[in-house]
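What follows is calculated from the coordinates using simple rules that are stated; it is not laboratory data. Note that this is a predicted model, so its numbers are computed, not measured. As a convention, Cβ positions derive from the backbone with ideal geometry for all residues, glycine included, and neighbour counts pool all protein chains shown.
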Amino acid sequence: MPAQMTELPFLEHIAGRFNLPVPEFLTAEAGAAQIRDAIKRWGGKALVKPDVLSGRRGKAGAVTMVTDYVEAQRQLKQVQSLEINGHLCRTAYLTQYIPAEMEVYSAITYDSRYLAPSMTLSLAGGVEIEDVADDQKITFQIDVFKGLGAYQVSEAIAKLGCPANLVSLLSRSLVDLWDTFISTGMRMCEVNPWRITPDGKPYACDFKAVFDEANFKFRNLGFNLPEYPANMTIFEEEMASWNASSYRGQAHASELGGELILPILFGGGASTIIIETLVQCGGSPIILSDFGGNPPYERMFGTAKICFEHNLKKAKLLLILGGNANNTLIDVTFKAIADALEAYVYEYGAISTPVIVGRGGPHLVKGILIMRDTLEALGLPYVIFGPETPVTQVAEYAAKLVKVWPETGDVKDES
Amino acid sequence: MRAKKLSDLLKAGDRVAVSNITGREAAVVTAASQKYCGNIVGGWALGRQGQKLDVPHGRPIPVFSNVEELTNSLPKEQWPNKIVVYSPPQAVYAEVKEIVEHRNGTIETIFIITEHVSIEVTAKIAQICSQANIDVVGCNSLGVINVHDAVRVGSVGGDSPGENFRPGCATIISNSGNMVNTMASYLLSAGLGTSYGISTGKDMLILMPLKNILELARDDESTRIITVYCEPGGLYEKDALQMLRSGKQKYPKPIIAYVTGEVLEKFDLSLGHAGAVVEGKETTATAKMKLFDEYFEIDPFDPGIKYEKTPETIKALSRGIRIKTLHHLPAAAALICDVVDVKRDFRPSEPLVLNPWFVDYKGYGKHLPSEQILHRGKTPEPYWSQIKLLSKAVGATPTPRNMRNASHASSNDGREPRIYGYSLEKEMAGGSFAESLILAWTGQRPRDFEAQLIEKCLIASLTNGPGTISAQGAKLSTSAGNAPNTAMIAALACMGDIHGGNGRRAVEYLLQAFQDTRLSDPYDPDHGLDLQKIANKQADQFSKRRTAAKEAGTDYERIPCLGHPVFNGQPVNYDPREQVIFNFLKEKKLCNVFLDFYHLLAHQLKEIDIAKNVWAVNIDAAIASVVLGNCWKMLEEKRITVRRVCDIAFMVFALGRVAGAGGEFLDHQDFGMPMDMRIPVDECVALNKPVDRRTSPRD
C-alpha cells in the first residue's frame, strides 16, 4: 500500500504551509462549545466527513450536512464507525460548508505520455474525472524544472471556458497546489472539487494524494502520516511488520481468499504470472507472495515460518516456485524454507501436504537436494522441477493436481 | 530519440562505462559482462580511483573517481558512448547530470539499472537527456542485449548469456527484466533465437517506451518477430498501438503480446507499476489486453484451436497475437512462423514440457488420474553432473547462516539448558559423560556400547607418561608459575598434526579407503565387506607411492596411526590401549571394521615387505575407528560434515589429554620447584660459533 494522504491531514498539516485556501475544520475531539461556535461562525451549515482511505465518500452517503451541534456530534460518532468501500474509518471531522456556484477538478501526476508531470483540469468538478467528456477536461505538461507558471495555468482554465473574473484567484491556488505537489514528493494529488464561492474565491474542498516513497522530500515531510485501520488479516499485518523490519529481501504477501494452494513465490514478475495461472486454472491460491531479492537465511526462515503458521494447515498443496534467479541464492532460501517446514511439523505435528517445487538460479542443485531431503525426511509427496520447465506450466500442473489430490483419510500409506 | 535503429542502442564496438562500478551488484555483473563481450572501457566510484576491477580470465577494468576523470584518463578512441548507471537512487540524478555535462559529444545512451529512483528524478533525467540528445533506458532496467553482436549491458542473461540467447530473429521487449531471459529460453523451443532483448524497466515513467522501441525495430534487418511483455500502468501500449495503426504502411513485423496483471486487478493489489490515476482506464491490464486484441483483430491464442491458413488468419497473424499464459509463447510463435512464413532460425528444440527432476507421490500416486502422474524426467546438464557430484560427496554440506546468536548445540529458554534439544538435567540424571559428550558433539545420542568405547578412548588419552609433548607443555607452564587453565592450554598448544592430530588424518584415510563400499553399520560383524581385499589394495597403493617417492628422492605420505615409538620390538606389535578397545568389542561380539582393517593392513604391509615386523595399530587409529564408527550413519545421511568427524577424532584425544595435563599440573605444582624445567646452560648445545669473536681477516 503506497503512502497516501487524505483531506484531514492535508487540512491539518499541508494546506496552511502552502497557502492553499481551504474550509475551516474541527476534528472529532473538539468540544461541544467549539463545535457550536464554529457552526454559528460558518453560517449554520457544516459537513461531517469520515477520514478514510477511500474516494467516493459522498456517493457512499458518508458525508452529511449538519446545522446544529447536537446533530454534528451524533454524526461525528456515527461516521467514525462506518466501513466505506471496504475501508474502515480512522476518525471523523467537521468542515465549514462552502457555498459555491461552480466546482473545478484538478489533479497533478507524472504522465507516461510526456514522461513529465502534467496537470488535468475540468470545470465539471465534483464528479469522477473518468466520467467527464474529453472536450470538458484538459491535460497539459508541466516543466519539471521550471514548474507551473500562473500564465500557463490561467491559459488552460480560460480554454475550458472559465469566467474571466475567476481565472486569477484560481490560477494562483493551482500554482500553490503545484508547489505542494513538488515540495512534498507526491506522485499524484487531486483536489476535487475546488468550490468557487459566489464572490469568486476558490476553496480546496476535498483532497487526496499519493506519495513517492523513493523521494527524499516525502521522508522530510515534518509529520507522520496517520495510520489507518486496515482491513488486514492477522497474517497480513504480521507479514507487513516482518517486511518492514529489514531491507534485505522482500517479504510481500497478501491474502487472496483462496483455499487450495499455498504459494511461496519469488520475483515480482514471476509471482504475478504464477498467481494469474493458478487463478485461471482453478488453483485457488491462498496468498500472493513475492519473496525474492536474495533474502538471507534468517529472513527467509522467518518469512516461511509466518506463512506456514497462518496458512499451511488449510492448504491442500504447497507450491514453492520462482523463475531463474539472477542473484537469489537457492541453497540459502531453500534451506530456510525446509527448516521452517521442519519446525512447523515439530510444532504442529505431521502433515501430508503435497509439495511442488520449481526454481532456477545460483546454487540451484544444492538447494534442490536440501529441499528433496527434507521432504523425504518429513514423508511429504513431492514433484521438483528445474528451470527448463516454465513456471506457468508448473503452476498449471499444481492447479490441476490439487483438484484431484485425494483426501488423506482416503489413502493408506503405500510407500 | 537519438537512436534510429535498434543497433544504435547497443552494438559491437560500443564503449561502455559503468558508474559505481565497485558496488556489490555492479562489480559482479560488470565482471560477467566483460567476460561475455569485453565492451567495458572503465568505470568510476567515489574514493575508489586507481583500483582495478578483476575480471576472471580477462583484463582488469580501471576504476576512476568520476566520469570526468575517466574521460580525461582514457585515450579519445576509448571514450565511452554508452553508460550503465548502478549508483544508489539518491545519487542517480547527480550522476546523470555529470554524465550529461561531461559527455564530450560521445555519449549516446544511458542505461539506468538502479531501482527506487524517485519519479521526480526520473522526469528530470528524461528532460535533461532529451535536451542533450541522449537516449535513456530505465530506470530499474535489467539492461539490453544485442545477441547477433554478442554484446550486452546490465545483467540480461545472467552469468551465461549464451545459454538462453542464441542469435535469431525475435526482439524481446519486456517491463520485467527476468522475463527477457525467460521469453528467450521459451522461444528456443519454437526454433527462434533472439536479435535484441530489451528490459525497459517498470517504474511509473519508462524512459524508453514501447512505441520508441517498435519504431527502432521496424527496419531492423535482424528482427522478424517481436515479443512484448507488459504490466499495468501508463499509456505506453496505447501510444505504441496508435503509432502502429497511424503509419501509412502496415507495421511489417508480427508481435506476440503478453499482458499480466488482469487477475490481480480483481484483488485490488498493485503490481510493479505505480499505476496512474488520471491517465484513465486504459492503463489497466484488461484495457491493454483489449487494445492489443483490437489491433491484432484475432482472439488470444488458444492451443486447442487448429488455425487454418486463411487470408483472414494471415492478415491477423501478420500483425500478431496475444497469449494468455507465458508458456503458450513457443506455440504462438510457431503458429506465426507457419502462417505468416516467418523463417525459423534453427530447428525447434525440445518442446516445453513438464520435466520433473525428482518425483515421489508417496503412495498417493495410485489414487491420481494417470494424466496427472509424472515420471522423473531427464535433468539437463550441467545440473545432472552437479547432482551426481553432490550425491556422491560424503557428509553434509551445510548452508551458511549468521550464527551470532544461534546454536544447534545448546539452548536455554530461561528454564532449562539443553544440548541439541535434550534436557541437561535429564542428561545428568540418567546418562554418562561420554554419552552426553557425543550428543553435544554430533547432535545424536550414541548407542550404549558406543558411549563406552568413547569413554575408553578418553581414558586412554589421559596420559602416555610425563615425556609426551603435551604433558611436557603442561609441566613447562607449571614450572613457570602459571595457573591450571594456562597449564592446560599449554598442553593443548603442544598438540598438532604430529602429536594428537593423527586421529584426524586417520579418519580422512579411512574415509577414502571405504568411500566406495556399501557399509551400513561399521560395528556389525556381518558387514559383508572383504576387508582383506581393501587392506591389500591400500597396502599396494602405499607400496607404489613409497617406491616412486624413494626413486625420486622425495618424501611420501605415511599411513597414519601405524607403528609406535614404544611398542615396536616384537614380531607382531600391539598398542595395549588399542587392545583394550579391540578386546572390548570382541567380548561384546561386535567388531569395528575400521579397526579390523587396520590390523589386516599392518599384517599385509609386513607380508609385502614394506615393514620388517607387524606394526602396532596405535591408540589414535583406535580413536579414529571408534569415532568414525559412531558417525558413519550420520555421514551417509549427510547429517554431519566430514570436517566435524575429523575434528571429533582429534577432540576425543585432546579432551582426554588435557584432563591428564591437569594431573601433571597438580603434581608438578605440589612437588616441583620453580623453573625446574629449565635446561641448564651446560646441557645446551650451541650450533654456531660467536660471530663477534671471529679473528678472520675481515675483522
### Query
Could you state the number of Å between the C-alpha centres of segment B:342-419 and segment B:599-676?
38 Å
### Task
May I ask for the Rg/Rh ratio of segment A:102-219, computed from Cα atoms with Rh as the Kirkwood radius, given to two decimals?
0.95
### Task
In whole angstrom, note down how far apart the Cα centers of segment A:101-164 and segment B:63-94 are.
40 Å
### Query
Long-range amide H contacts for B:I321: which residues qualify at under 5 Å (H placed 1.01 Å from N, peptide plane, sequence gap of 5 or more or a different chain)?
B:I255, B:I256, B:A257
### Local electrostatic count at B:P369 - Lys and Arg +1, Asp and Glu -1, tallied over other residues with Cβ under 12 Å
+2
### Cβ-defined net charge surrounding B:A621, 9 Å radius [Lys, Arg +1; Asp, Glu -1]
-3
#### Entry: Within segment A:102-219: Cβ-based charge dipole about Cα centre, in debye rounded to nearest 20 (Lys, Arg +1; Asp, Glu -1)
360 debye
#### Entry: Net charge, A:P296 excluded, C-beta distance under 15 Å - Lys, Arg +1, Asp, Glu -1
+4
### Query
How well do other chains shield peptide B:348-357, expressed as the mean number of their Cβ atoms within 10 Å of each residue Cβ?
5
### Task
Report the relative contact order of segment B:300-354, percent, no decimals, based on alpha-carbon pairs under 8 angstrom and at least 6 residues apart.
36 percent
### Message
Spelling out what I want: for every residue of segment B:548-557, take phi, set θ = phi - 60°, compute 6.51 cos²θ - 1.76 cosθ + 1.60 (Karplus), and round to whole Hz; glycine and proline get x.
### Response
4, 5, 5, 4, 7, x, 10, 7, 9, 7
### Task
If a/c stays under 1.5 just call it rounded; otherwise compare a/b with b/c (prolate if a/b is bigger, oblate if not). Do that for segment A:104-160, with a ≥ b ≥ c from the square roots of the Cα gyration tensor eigenvalues.
oblate
### Task
Can you tell me the 0 to 90 degree angle between the C-alpha axis of helix A:69-80 and the longest principal axis of chain A, rounded to 10?
20 degrees
### Message
Please list log₁₀ I(q)/I(0) at q = 0.14 Å⁻¹ for segment A:281-331, using the Debye equation with identical point scatterers on the alpha-carbon positions.
### Response
-0.42
### Summary
Per residue of B:363-373, other chain Cβ atoms within 10 Å number on average 5
### Calculated Rg and Dmax of the protein assembly as shown using C-alpha coordinates, Å
37.8, 123
### Residues B:R15, B:R518, A:R359, B:R558 arranged by fewest to most Cβ contacts within 10 Å
B:R518, B:R558, B:R15, A:R359
### Summary
Evaluated at 10 °C and 1.306 mPa s, the Stokes-Einstein D of segment B:1-139 based on the Kirkwood radius over Cα pairs, in µm²/s, stands at 107 µm²/s
### Task
Kindly identify segment A:234-406 as rounded, prolate or oblate by the Cα gyration tensor criterion: order the square roots of the eigenvalues as a ≥ b ≥ c, call it rounded if a/c is under 1.5, otherwise compare a/b with b/c, prolate if a/b is larger, else oblate.
rounded
### Query
Average partner chain C-beta neighbours within 10 Å, per residue of B:174-182?
5
### Message
For the pair B:Y556/B:H367, report the inter-label distance in nm, with labels modelled 7 Å from Cα in the Cβ direction.
### Response
6.3 nm
### Task
Note the full-extension length gain between B:E637 and B:D8 as 0.36 nm times their separation in residues minus their Cα-Cα distance, in nm to one decimal.
220.8 nm
#### Entry: Counting all C-alpha pairs of segment B:334-447, share separated by more than 20 Å (%)
71 percent
#### Entry: chain A: angle of helix A:164-183 to the longest principal axis, Cα-based, in degrees nearest 10
30 degrees
### Query
Which value at 222 nm does chain B reach when only helices count, each DSSP H run of 4 or more adding -39,500 (n - 2.57), with the total divided by all residues and rounded to the nearest 500 deg cm²/dmol?
-13000 deg cm²/dmol
### Query
List the lysines whose alpha-carbon lies under 22 Å from that of B:K606, not counting same-chain residues fewer than 8 positions away?
B:K533, B:K537, B:K544, B:K550
### Gained length - B:A480 relative to B:Q131, 0.36 nm times residue gap less alpha-carbon distance
117.5 nm
### Message
If I fit a long axis through the Cα atoms of helix B:469-479 and take the longest principal axis of the Cα atoms of chain B, what angle between them do I get, 0 to 90°, rounded to 10?
### Response
80 degrees
## Note on the structure
Quick note on B:V117, A:V332, ordering by fewest other C-beta atoms within 10 Å, gives A:V332, B:V117
## Note on the structure
FRET efficiency for A:A60 and A:F145 from the Cβ-Cβ distance with R0 = 45 Å, rounded to 0.05, comes out at 0.65
### Query
Counting DSSP beta bridges with both partners in the protein assembly as shown, what percentage is antiparallel, nearest 5?
55 percent
### Query
Given a Förster distance of 51 angstrom, what is the FRET efficiency for B:Q570 paired with B:K35, based on the Cβ-Cβ distance and rounded to 0.05?
0.20
### Quotient of Cα Rg and 2.2 N^0.38 Å for chain B, N being how many residues it contains
1.39
### Separation in nanometres of the label points that stand 7 Å from Cα toward Cβ, at A:E213 and B:C684
7.1 nm
### Rounded FRET efficiency, nearest 0.05, which uses the C-beta distance separating B:A493 from B:Y420 and R0 of 41 Å
0.90
### Query
Cα extents of chain A along the three principal axes, largest first, in whole Å?
85, 49, 37
### Query
How do A:316-322, B:44-50 rank on mean C-beta neighbours within 10 Å, highest first?
A:316-322, B:44-50
### Task
Report, in whole Å, the centroid distance computed from the Cα atoms of segment A:368-394 and segment B:5-52.
37 Å
### Query
Between B:D530 and B:V580, what is the label-to-label distance in nm when each label sits 7 Å out along the Cα-to-Cβ direction?
3.7 nm
### Message
Can you classify segment B:271-423 as rounded, prolate or oblate using the Cα gyration tensor, where a ≥ b ≥ c are the square roots of its eigenvalues, rounded means a/c under 1.5, and otherwise it's prolate if a/b beats b/c and oblate if not?
### Response
prolate
### Farthest positive-ward along chain A dipole, Cα basis, beta-carbon charges - from A:L364, A:S289, A:F308
A:S289
